[in-house]
Amino acid sequence: MTDLPSNVIDQDNMFGPLLEADPSFEPIWEEFLTDWRDEPPMPLYLALGDLARHLTAKLQAGDTEAFSDVFRVVERWHVEGDTYVRQAATIGVLEGLQNTHNHETTKPEQFIPWLGPVSRRYWDKVDAFWNQGILIRDDDVIIRTDAKKKRWPWI
């Protein structure tokens, strides 16, 4: 059994901080919950695809005011998330943002200035996967605690 801190982000608590960061996503999230309530486990990757399309639409509209807060949450998902949340942040969000079919008047690269350092590494891994066939590995964040400090070593 891994000794994880109680504040690790898992799939049950990952959307709370996101909805605080961007309340305009809440109607989309509520519709998702209604549609999938009777189908446990909920396919959160679909909600993350909705989030990627939502953010792309906001970028196209020039409505980027919440982006700093949203991408701080995405960075937290990469750093503080369990395995599922880290993979979902990469495949569900970053890959969705890079999907050129979602962009009409924008380019995926326009999201890069808002990415945190770990999210940026995974952004590059997604890009390398699609352009060079390099597998995406979850090897940048090693889950362990510093026994003396009782905190995550990268924070």
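Would you please list the contacts, defined by Cβ atoms under 7 Å and residues six or more apart or on different chains, that run from a residue in the range 63-78 that is within 14 Å of G92 (Cβ to Cβ) to a residue that is of a type in the set (D, E)?
V70/D22
Looking at this structure, is M14 out of contact with any His (no Cβ under 7 Å at 6 or more places or on another chain) and either in contact (Cβ under 8 Å) with a residue 60 or more places away in the chain or of a type outside the set (A, V, I, L, M, F, W, C) (or both)?
Details: out of contact with any His (no Cβ under 7 Å at 6 or more places or on another chain): yes; either in contact (Cβ under 8 Å) with a residue 60 or more places away in the chain or of a type outside the set (A, V, I, L, M, F, W, C) (or both): yes.
Yes, satisfied.
With V74, V141 as the choices, which residue is β-branched (V, I, T), at pLDDT below 95 and either within 13 Å of the chain's Cα centre (by Cα) or within 22 Å of L44 (Cβ to Cβ) (or both)?
On inspection, the qualifying residue turns out to be V141.
Would you say Q98 is farther than 24 Å from V8 by Cβ, under 15 Å from the mean Cα position of the chain (by Cα) and at pLDDT 95 or above? Can you show your working first?
Values: farther than 24 Å from V8 by Cβ: yes; under 15 Å from the mean Cα position of the chain (by Cα): yes; at pLDDT 95 or above: yes.
In short, yes.
Would you call E30 at pLDDT below 95, surrounded by fewer than 19 Cβ atoms within 10 Å (Cβ to Cβ) and more than 13 Å from the chain's Cα centre (by Cα)? So that I can check it myself, show each step before the final result.
Details: at pLDDT below 95: no; surrounded by fewer than 19 Cβ atoms within 10 Å (Cβ to Cβ): yes; more than 13 Å from the chain's Cα centre (by Cα): yes.
No; evaluated as a whole, the condition is false for this residue.
The values are calculated or read from the model by the stated rules, or taken from the named source; none is laboratory data. These figures come from a predicted structure and were not determined experimentally. Using ideal geometry, Cβ is built from the backbone for each residue, glycine included, and neighbour counts are taken over all protein chains shown.
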